[in-house]
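The values are calculated or read from the model by the stated rules, or taken from the named source; none is laboratory data. Please read these numbers as outputs of a predicted model, since none were measured by experiment. Cβ: placed from backbone, ideal geometry, glycine included. Neighbour counts: every protein chain shown.
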Amino acid sequence: MLQSEGDFTVLTLNIWFDLKLRDARTRALLEVIRSTEPSVCCFQEVVPEVAEQLRKALPSWHCSDESPDNETVQPYGVMAFVRPGIEVEFQFHPLPTGMSRRLLLVKVPNLIIGTVHLESLGNPRMREEQLKNCASILAPFSDAMLVGDFNFDSERNFKPPHEPLENAAVGLLQDFVDLWPALRPGEAGKTFDSMLNPYIGDYEQMRYDRVMVKLGAWRPTQIQLVGNEPLEHLVTLSPLEADWSILSHSLVLRLWHHVTRRTHEGRRMKRALVARAAASQATRLALAVLLQWARLAAESRKRAQRRDFANCQLRLQRHGVLSFAVRAWARVVEREVFANWARACDRTLAVAASAS
């Protein structure tokens, strides 16, 4: 949050272009907007369908794309909304890209806000070129921000080696300050966290999203993470999903002991993570916890033993487990080799079947 004469708040969020629970996530996004009351919203990975939903839900807000076919977010892109009563001008600037990336400028009185989604995955050179372009475009302004998904972490690279650190590229933004460590030193501020978002799948904790500021007349006073809460109140579970939600906790508790018993890190983190999974009442988090630590704790990868995990997957399918759970177990089949998991799974499923 930036403060001058009164509060001025900027919300930035990669809202994920995937179809999974898209309507529920859009409703959750609108709840975040209503609860945080931002002055400006900067979104990345906006698809045309979600753009239409947001415009209908925020009819009086200024939007960076008022076209009937949502041309600026085809197939997906960045979008901004500005609260009614604030004068604004929007400008799009092309960037070097293989993924249709652009810089969107939100010009409000005495402040320029740029939002960007830098190139994804293993493209550090392209991200560097994009940052150079952003720096050049923002250089003439004395009060400016650059917010969005930078697609690199502040402490490690996307792929080894982790030296030199790609985060050094933020130095291209001369006179800009990374606001999270400036206002919350010592706090991780991970914005891409598989411990909170099980749809990520693999274990990954990164601070991909940034708020970079170059401010003269404005004074930043606060920064915080929002939108980390589960969506249970917005998602209606089928009876099968509800049953599996309970069953998954039993699976985690039974199978995880074998995964973590020989690993120091597993023993250290096991109690806290089991408690989190047990309290969540959400299948996806429980499965994600299991998969993350199974991946870290795997002791061998003998090809012959994969048959046991294939059998485990088939047992789950026969008991009508949801497709996302089967896919999760398929990843275990590919990566992990603990032969007694299938027997533990059978015992747990048998207990659940007898209880019903």
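On the given criteria, is Ser60 under 25 Å from Ala144 (Cβ atoms) and touching a residue at least 24 places away in the same chain (Cβ under 8 Å)? Judged against the criteria, Ser60 is not a match.
Of the residues screened, Asp65 is one that is acidic (Asp, Glu) and in a loop (DSSP other than H, G, I, E, B).
Annotation: Arg83 fulfils all but one of (1) charged (D, E, K, R); (2) at negative phi; (3) within 23 Å of the chain's Cα centre (by Cα); the unmet one is (3). Somewhere in segment 92-113, is a residue within 15 Å of Asp149 (Cα to Cα), surrounded by fewer than 19 Cβ atoms within 10 Å (Cβ to Cβ), of a type in the set (Gly, Ala, Ser) and at pLDDT below 95? There is at least one residue in segment 92-113 that is within 15 Å of Asp149 (Cα to Cα), surrounded by fewer than 19 Cβ atoms within 10 Å (Cβ to Cβ), of a type in the set (Gly, Ala, Ser) and at pLDDT below 95. Residues in segment 50-67 that are over 17 Å from Lys107 (Cα atoms) and touching a strand residue (DSSP E or B) at 6+ places or on another chain (Cβ under 8 Å) were compared, and the one that is surrounded by the fewest Cβ atoms within 10 Å (Cβ to Cβ) is Arg55. Has segment 84-91 got at least one residue that is buried (at least 16 other Cβ atoms within 10 Å of the Cβ) and either free of Cβ contacts under 8 Å to residues at least 40 places away in the same chain or over 17 Å from Asp178 (Cα atoms) (or both)? Within segment 84-91, one or more residues are buried (at least 16 other Cβ atoms within 10 Å of the Cβ) and either free of Cβ contacts under 8 Å to residues at least 40 places away in the same chain or over 17 Å from Asp178 (Cα atoms) (or both).
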